[in-house]
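In what follows, a single structure is set out as structure tokens and then discussed.
Any read-out appearing in this document is the output of simple, stated calculations on the displayed coordinates, not a laboratory observation. If you're wondering where the values come from, they're calculated on a predicted model, not measured in any experiment. Every residue, glycine among them, receives a Cβ derived from its backbone with ideal geometry; neighbour counts consider all protein chains shown.
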Amino acid sequence: MCGIVGFTGSDAALPVLLDGLASLEYRGYDSAGVALQVPGDGLWLRRRSGKLAELTGAVGDAPADATTGIGHTRWATHGRPSERNAHPQTDGSGDLAIVHNGIVENFLELREELEASGHEFRSETDTEVLAHLVADELAEGRSLADAVRSLLHSADGSFAVAVVHADDPGLIVAARRVSPLVAGVADEAAFVASDIPALLPHTREVLVVDDDQVVELRPGSVRITDLDGTELTPELRTITWDVEQAEKGGYEDFMLKEIHEQPAAVRDTLSGRTAPSGELMLDELRLSEDELRAVDKVFLVGCGTSYHAAMVAKYALEHWTRLPCEIDIASEFRYRDPVVDTRTLVVGVSQSGETADTIEAMKYAKRWDARIIAVTNVVDSSMARLADAVLYTHAGPEIGVAATKTHLAQVVALELLALYLAGLRGTRYTSEARDLLAELCEIPSRIETVIGRSDDIHPVAHELVDVRDFFFLGRGVGYPVAMEGALKLKEISYARAEAYPGGEMKHGPIALIEPGTVVVGVATRSHVYAKVLGNISEMRTRGATIVLVANDGDDTAAGLADHVLWVPSTIELFSPAVDTVALQLFAYHLAKERGRDVDKPRNLAKTVTVE
Ligand code: F6R
């Protein structure tokens with residue numbers, strides 16, 4: 001996720017761009033840049049690594065008479081945060097600049113072709129490929145709009161771009177596929193941006209740009225065309241939100257927005273990594289296939305929600321790779337003298353990549369010369385630098401303190417890693433990996449289905465708003481789902497919620513079950529489904545109110561429950577990525593019913609940098 005902005009008009013462009021970037025900083029903030037058209041003198045470009053303030057402090061010499069320009073605030077995906085990888089990217093001519101939000105899946109292939117035909121690359125970004133492609137089209141005599149249109153034919157993946165060229169004064173050409181893009185028009189001005197907040201100080205009339213559309217902006221006009229160049233009548237929307245509401249995309253809170261962003265987070269995490277052979281593209285790989293083949297034991301370490309993603313992955317890793325796999329809460333790992341050596345693979349799981357407990361666990365493993373992989377959402381974070389290889393979750397920045405979209409992205413990234421290791425070790429046949437990957441690609445639409453049922457989950461939360469004690473039960477991969485459901489409920493609603501493997505209740509905790517206790521069971525179909533239902537019956541007999549997460553049409557589960565949170569079915573090992581969403585929404589609605597600030601729960605910090 002990154003933020004892009006463009007302005008063309010009769011006023012100075014730079015202040016408009018910088019203000020726009022400030023309101024888009026929530027989309028990424030590891031580097032920023034602008035490109036301005038200087039009347040009669042080409043382009044002026046400035047980029048800085050770090051937060052937007054670094055760029056703002058470095059534009060004192062910008063040409064004041066530039067009235068057209070583009071800007072970018074970055075959340076790195078390809079290439080670490082640095083000035084050279086910041087946007088705008090260029091083709092090296094000094095005449096063309098492009099900003100980009102999204103991922104070009106086939107960029108390696110395109111880059112090889114371009115390099116073979118003599119193009120020189122100066123960055124590690126996928127975006128630079130787009131700059132060279134546009135330059136090639138212009139060299140063939142095409143207009144800037146047609147050159148940008150050609151990107152929609154040659155590039156795969158998700159992207160929103162905006163381009164300026166020195167030979168087309170006053171013109172910005174933008175295009176979109178999947179990544180968001182909005183345009184606005186006012187007297188003698190036109191704007192384009194990744195999101196509405198950047199436009200609100202200037203206009204409330206917003207044009208929604210759809211997939212595979214090209215936008216030409218000139219002062220006072222916006223023209224939208226389709227893939228074939230046919231002019232379209234754009235849909236105009238009047239925005240009534242204030243800036244804060246707009247940053248939340250019209251959602252009440254960042255948490256709710258981020259729950260809704262989960263299909264995209266999962267899609268982007270899978271994007272470009274799901275070759276039919278089961279091959280995985282690790283973002284930064286400093287480990288050879290032989291080193292990975294030599295691994296004889298895996299540890300997965302993380303904290304809180306990341307630990308729950310590790311728990312899910314243990315089931316997948318052991319099943320697919322037949323490697324022994326242990327999971328550890330990171331703060332416990334190094335203090336228990338674990339058996340780690342050069343054939344051990346330690347996977348640190350962390351949204352932020354900065355959690356002190358997990359960093360220390362990874363350093364411990366490094367001292368024993370173990371192989372280390374980081375699964376993190378933040379490019380160039382401490383863990384990414386410490387590890388031998390990195391697998392990034394492309395969830396975009398998460399602002400709500402309670403992890404949601406980063407968790408699902410971790411789950412699918414770890415499942416991919418498990419499939420990759422299984423492929424390397426030869427424990428899975430290619431055809432089987434292909435079927436699994438095909439189903440993994442269906443997960444975003446299954447998540448969408450659950451999110452679409454938020455209004456059915458709300459009344460359940462409403463009815464249970466005053467309940468004091470919740471138990472969350474699951475078995476198999478349903479157990480980490482129960483753990484995560486309980487954690488979400490605790491941290492944002494402050495209800496007491498304990499999670500247990502269903503079979504463990506009879507060994508003690510069942511003494512706490514009485515009328516009024518709520519038991520939330522993860523009862524989707526699995527090889528332990530009958531066992532789960534048996535455990536739920538035991539709770540029901542003792543007077544508990546039963547809420548079940550169950551697969552669509554499961555009358556048996558419904559017969560045992562007072563309330564059902566319905567979810568679509570999928571392959572058992574992938575079910576956490578779907579079932580968890582119902583519990584996130586349950587926790588969200590219950591917390592809202594209790595009047596809690598879900599984005600900033602008491603006593604919690606988004607990143608915990610103390611041990
Ligand atoms: C819960 C939550 C925390 C984090 C934990 C680890 O919603 O967000 O439990 O998961 O503090 O943080 P990271 O993943 O940044 O290492």
Cα convex hull of segment 1-128 - mean projected area over all directions, nm²: 7.5
Gained length - LYS363 relative to GLU498, 0.36 nm times residue gap less alpha-carbon distance: 45.5 nm
Over segment 458-611: Rg over Rh, Cα atoms, Kirkwood Rh: 0.96
Spatial separation of Cα centroids for segment 458-528 and segment 237-269, in angstrom: 29
Under the Debye formula (equal points on every Cα, no solvent term), log10 I(q)/I(0) of the chain at q = 0.12 Å⁻¹: -1.20
Segment 537-611-segment 143-218 distance, computed between alpha-carbon centres (Å): 40
Square roots of 5 times each gyration tensor eigenvalue, C-alpha, segment 3-247, largest first, Å: 24, 21, 18
Burial ranking of peptide ranges 403-415, 334-346, 571-583, 141-153 (average Cβ count within 10 Å, highest at the top): 403-415, 571-583, 141-153, 334-346
MRE, 222 nm, helices only [DSSP H, n ≥ 4, -39500 (n - 2.57), over the chain, to nearest 500]: -11000 deg cm²/dmol
Given LYS363/LYS600; LYS366/LYS606; LYS51/LYS606, the pairs whose alpha carbons are separated by over 28 Å: LYS363/LYS600
Förster-model FRET efficiency, 35 Å R0, TYR335 and ASP296, C-beta, rounded to 0.05: 0.90
Where labels lie 7 Å past Cα in the beta-carbon direction, separation of LYS51 and GLU252 in nm: 3.0
Relative contact order (%) - criterion: Cα under 8 Å, at least six apart; region: the chain: 11
Inter-centroid distance (Cα atoms) of segment 371-433 relative to segment 305-331, Å: 12
Inter-label distance for ARG223 and ALA438, nm, one decimal - labels placed 7 Å from Cα along Cα-to-Cβ: 4.5
Extension gain from ARG84 to ASP187, taking 0.36 nm per residue of separation minus the Cα-Cα distance: 33.5 nm
Lys pairs under 24 Å by Cα in segment 452-593, provided they are eight or more residues apart or on distinct chains: 4
Potential lengthening between ASN106 and LYS506 on full extension [0.36 nm per residue; Cα-Cα distance subtracted]: 138.7 nm
